Amino acid sequence: RQWRAQLFRRRGGVLNGIDVLVKQDFEPLAGMRVGLVTNHSALARDRETTIDLLHSSPRVKLVRLFSPEHGIRGTAEGKVGDTTDRKTGLKIHSLYGSTRKPSPTLLKGLDALVFDIQDIGCRFYTYISTMGNCMEAADAAGLKFVVLDRVNPIGADRVEGPLLDGARSFTGYHEIPVRHGMTVGEMAKLFKAERHRNTDLTVIPVQGWKRDQRFDKTGLPWVNPSPNIRNLTAATLYPGLGLLEFTNLSVGRGTKLPFELVGAPYIEPKALAQRLQAFRLRGLDFVPIHFTPEGSKFAGERCGGVRILLKREDADTVDLGIALALALRELHPRDWETKNLNKLLVHPATQKAILSGQALAEIRRLWQADLQRFAERRDGVLLYR
């Protein structure tokens, strides 16, 4: 522990919640029987896992593990079954299989449920939905809920896109924008304020981090938070490209550049690149390409499309998704299928505006009043400036 503290002082930089908890000698969890909701992304700065740190601490009794979408190792696709952690011998209960919320039986005998997973700052990235479900379960069971906070890798100084305006779901847990500009700890505080008021919530905050600081400036070790978010560029572009993933469009899954490519067999690359360039989206360039996915959508088919180049940290990434939809509607009105356009967007007014070909600036105005109200909601739970 002393060696780790010396390492932090020597390197400086940012500490995530697990690092802060270690510095505190696990005091917030002292004497507790703990269930941990986690995956491979829960690393301390020195790359020790949160599982191992809690399991080896004499002050904490780690009893049970729970895993989110993609499983404990972050590599699974589709439903995930229960398994066992080889190192600790603890059972891992999947929250992305037959259930998405810990049952009362699995919480029996615990004092606290701890959450430590790396989010990427997007409404439909499901780890925050797992957190919300676990808060609800902890509340019902009378347990403490402890969030080991982590930085928002794409920065938390910008809030973009429409708020959820429709039925809640696992990809739309709460009324927040597409790019929410919050950490998981702040999001837990928002969930408590607006949905789970009785939850006994503790957030172990990040230290040494500012809201506009992206992951590559933190000195923290990068680990792919899910199989197709393989670098900070993909994480940054995901809130825009992910919006259209349920339409007949490849977002690069099955290639070496998921969420950096977009295309389909019916697209003419040069025409799409020129149309997207005409939007003059801040911080983004578009290179016409052909690619053939080895798996996922359009596997084995030659697709025309574009590679998206991220030139600036403050790129208009949610606007990218809307601009791409407008371009496809204009260039390929018969080929581009829009029946699932609202699945992740969950904003009927924006869907209607895209289908009718309204200007991007007009579509942005549809969100402004809601974004201003969200800014007031968000401001009351922010932990970092």
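The values are calculated or read from the model by the stated rules, or taken from the named source; none is laboratory data. What you are looking at is a predicted structure, and each value in this text was computed from that prediction instead of being measured. Cβ sites come from the backbone with ideal geometry, for glycine too, and all protein chains shown count toward neighbours. Please note that ligands, DNA and RNA were not included when accessible areas were found on the heavy atoms of the full protein model with its side chains. Shrake-Rupley method; radii C 1.70, N 1.55, O 1.52, S 1.80 Å.
Side notes on the structure shown:
- Point-to-point label distance, Glu27-Asn198, nm (Cα→Cβ direction, 7 Å offset): 3.1 nm
- Surrounding net charge for Glu194, when Lys and Arg each add one and Asp and Glu each subtract one, Cβ distance under 9 Å: +3
- Anisotropy class of region 247-385 from Cα gyration tensor, a/c 1.5 cut: prolate
- Result for the chain in a Gaussian network model with C-alpha springs under 10 Å: among Arg123, Arg253, Arg373, the largest mean-square fluctuation is at Arg373.
- With θ taken as phi - 60° and the Karplus curve 6.51 cos²θ - 1.76 cosθ + 1.60 applied, the whole-hertz 3J(HN,Hα) list for region 21-35 is 4, 5, 4, 7, 6, 6, 3, x, 10, 4, x, 9, 8, 10, x Hz, x standing for glycine and proline.
- Most mobile of Met182, Met131, Met32 in a GNM of the chain (Cα contacts under 10 Å): Met32
- Under the Debye formula (equal points on every Cα, no solvent term), log10 I(q)/I(0) of region 278-322 at q = 0.33 Å⁻¹: -1.11
- Candidate cross-link partners of Lys23 among the aspartates and glutamates, defined by an alpha-carbon separation under 19 Å and a same-chain spacing of 8 or more, comprise Asp46, Glu48, Asp52, Asp116, Asp149.
- Cα-based shape type of region 38-142, given that a ≥ b ≥ c are square roots of the gyration tensor eigenvalues and the cut on a/c is 1.5: rounded
- Cα lying deepest toward the dipole's positive end in region 23-181, options Ala44, Phe145, Pro58, charges on Cβ: Pro58
- The chain: angle of helix 184-194 to the longest principal axis, Cα-based, in degrees nearest 10: 90 degrees
- Table column - 3J(HN,Hα) (Hz), region 146-158, Karplus curve with 6.51, -1.76, 1.60, x for Gly and Pro: 10, 9, 8, 5, 9, 5, 7, x, 8, x, 10, 9, 10
- Looking at the chain, the accessible area is 41 square angstrom per residue; that uses a 1.4 Å probe and ignores ligands, DNA and RNA.
- Links that overshoot a 18 Å alpha carbon limit, given the list Lys108/Lys144; Lys79/Lys189; Lys101/Lys144: Lys79/Lys189
- Linear extension gain, Arg59 paired with Asp335, 0.36 nm per residue minus alpha-carbon span: 93.4 nm
- In the context of the full protein assembly, Asp216 retains an accessible surface of approximately 90 Å², using a probe radius of 1.4 Å and ignoring ligands and nucleic acids.
- Near Val147: Cβ cut-off under 11 Å, other residues only, Lys/Arg at +1 and Asp/Glu at -1. The net charge is 0.
- Gaussian network model of the chain, springs between alpha carbon atoms under 10 Å - residue of Leu360, Leu344, Leu276 with greatest fluctuation: Leu360
- DSSP bridge analysis restricted to the chain gives an antiparallel fraction near 50%, rounded to the nearest 5.
- Taking every alpha-carbon pair in the chain and binning the separations at 10 Å intervals from zero gives 5, 23, 32, 24, 12, 3, 0 percent.
- Remark on Gly74: its backbone amide H falls under 5 Å from those of His40, a criterion applied only to residues 5 or more positions apart or on other chains, H modelled at 1.01 Å from N.
- In this Cβ point-charge picture (+1 for Lys and Arg, -1 for Asp and Glu), the chain has a dipole of about 580 debye about its Cα centre.
- Surface composition of the chain: carbon and sulfur make up 46 percent of the accessible area, probe 1.4 Å.
- Rg/Rg_ref, region 69-111, where Rg_ref = 2.2 N^0.38 Å and atoms are Cα: 1.21
- Zone residues, region 145-168, relative to Trp222, backbone N less than 16 Å from point 7 Å out along Cα-to-Cβ: 151-155
- Amide proton proximity set for Val114, modelled H, under 5 Å, gap of 5+: Gly35, Leu36, Val37, Val146
- Two-site FRET efficiency, Gln274 against Ser356, from Cβ-Cβ distance with R₀ of 25 Å, rounded to 0.05: 0.65
- In the chain, helical runs assigned H by DSSP with n ≥ 4 each contribute -39500 (n - 2.57); averaged across all residues and rounded to the nearest 500, the mean residue ellipticity at 222 nm is -9000 deg cm²/dmol.
- Over all directions, the projected convex hull of the C-alpha atoms in region 243-304 averages 4.1 nm² in area.
- Estimated vicinal HN-Hα couplings, Hz - region 282-291 in sequence order (Karplus 6.51, -1.76, 1.60; Gly, Pro = x): 4, x, 10, 10, 10, 10, x, 8, 10, 8
- Residues Phe170, Phe374 ordered from highest to lowest accessible area at a 1.4 Å probe: Phe170, Phe374.
- Over all Cα atoms in region 214-271, the spread is summed up by Rg and Dmax: 13.1, 42 Å.
- Three-way shape label, region 133-216, alpha-carbon gyration tensor, a/c 1.5: oblate
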